[in-house]
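Participant: Structure in structure tokens, see below.
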Amino acid sequence: MNNLSHAQLTESFSLAGRHNTDTEKLLAFLDAHFALSEGSHRDVSQYRVYFGRLLAHLNTGQCVGLDNPSAFIDFGGDRECPSLISLSYERKFIELHF
């Protein structure tokens, strides 16, 4: 995770132990700032990293990327099922822990 060592993370979200209201707010935030090329983060069954790009597998079976692929910074864990995803928007960084 070379990029993360240089990033100053300003927000951190974790889905573990969260209430549905918190999860809905997070998913709305992701849709607003890190839109998928098609669909919604609400419909994602799995994220994975493929050739340096973040891909989202939707419940429909479709695989899509971010509308702005450069928003993806780095990941932690396995490429097929990351435990951490780092994203950036407007010079701010967030880290998602799964």
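The values are calculated or read from the model by the stated rules, or taken from the named source; none is laboratory data. The model shown is predicted, which means the values in this text are computed figures rather than measured ones. A quick note on method: Cβ atoms are made from the backbone with ideal geometry, for glycine too, and the neighbour counts reach across all protein chains shown.
Participant: Within the range 31-51, which residues are free of Cβ contacts under 8 Å to residues at least 12 places away in the same chain and closer than 20 Å to Glu95 by Cβ?
Facilitator: Listed by number, the residues that qualify are Asp31, Ala32.
Participant: If we scan the range 74-82, do we find a residue that is modelled with pLDDT of 95 or more, in a helix (DSSP H, G or I) and out of contact with any Lys or Arg (no Cβ under 7 Å at 6 or more places or on another chain)?
Facilitator: Within the range 74-82, none of the residues are modelled with pLDDT of 95 or more, in a helix (DSSP H, G or I) and out of contact with any Lys or Arg (no Cβ under 7 Å at 6 or more places or on another chain).
Participant: Quick one: count up the residues across the range 52-81 that are of a type in the set (Ser, Thr, Tyr) and closer than 23 Å to Lys92 by Cα. Spell out the reasoning first.
Facilitator: Pass one, the range 52-81, residues of a type in the set (Ser, Thr, Tyr): 60, 70.
Then drop every residue that is not closer than 23 Å to Lys92 by Cα, which leaves 70.
Qualifying residue count, the range 52-81: 1.
Participant: Within the range 65-72, can one find any residue that is of a type in the set (D, E, K, R), touching a strand residue (DSSP E or B) at 6+ places or on another chain (Cβ under 7 Å) and surrounded by fewer than 13 Cβ atoms within 10 Å (Cβ to Cβ)?
Facilitator: yes
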